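Below: one structure, written as structure tokens.
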Amino acid sequence: MSQQINPDDALYVDMFIAKNSQTVTFMRSSYSAILGLAAGTLGLTNWSGFIFYFIGSAFLSLLIFAIKAKASPALYFRHPLDVFTEGILGGLLSYILFWTLLYGMIHVYD
């Protein structure tokens, strides 16, 4: 008689979970810097800049979900929502840094 493996009993390897979270955080920070450069170059101010970040971040989350996690994030993270929430605040800080830097360099002395 063969033994059935219950998916709910799957073991998570902490090292791999930490590596996956680190990868998502790195991707989000890098993408946030690029978004900040774009927002500063475009001259976005106030809420339009923050809306630009959250739309871009949602787009990146969908890409991570579809491409990196292969539409089943429960295999790679303890909580499937980590794909959408991991590194959001750190990415926001990187975004604001690059947004204000480029905005100041390009648009302040117009």
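The figures follow:
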read-out: Answer from 44, 89, 102 - the residue that is under 18 Å from residue 26 (Cβ atoms) and either modelled with pLDDT of 95 or more or out of contact with any His (no Cβ under 8 Å at 6 or more places or on another chain) (or both); value: 89
read-out: Matching entry among 97, 102 (being farther than 20 Å from residue 15 by Cα, touching a Gly at 6+ places or on another chain (Cβ under 6 Å) and in a helix (DSSP H, G or I)); value: 102
read-out: Condition check for residue 48: buried (at least 17 other Cβ atoms within 10 Å of the Cβ), of a type in the set (Ser, Thr, Tyr) and either assigned to a helix (DSSP H, G or I) or in contact with a strand residue (DSSP E or B) (Cβ under 6 Å, 6 or more places away or on another chain) (or both); value: no
read-out: Scan of segment 25-63 for residues that are in contact with a Gly (Cβ under 6 Å, 6 or more places away or on another chain) and within 10 Å of residue 91 (Cβ to Cβ), ordered by number; value: 25, 28, 29, 32, 35
read-out: Residues being assigned to a helix (DSSP H, G or I), touching a residue at least 12 places away in the same chain (Cβ under 8 Å) and either touching a strand residue (DSSP E or B) at 6+ places or on another chain (Cβ under 7 Å) or among the hydroxyl-bearing types (Ser, Thr, Tyr) (or both) - total across segment 61-88; value: 1
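The values are calculated or read from the model by the stated rules, or taken from the named source; none is laboratory data. Since the model is a prediction, treat every value here as computed from it, not as a measurement. Note: ideal-geometry Cβ built from the backbone for every residue, glycine included; neighbour counts use all protein chains shown.
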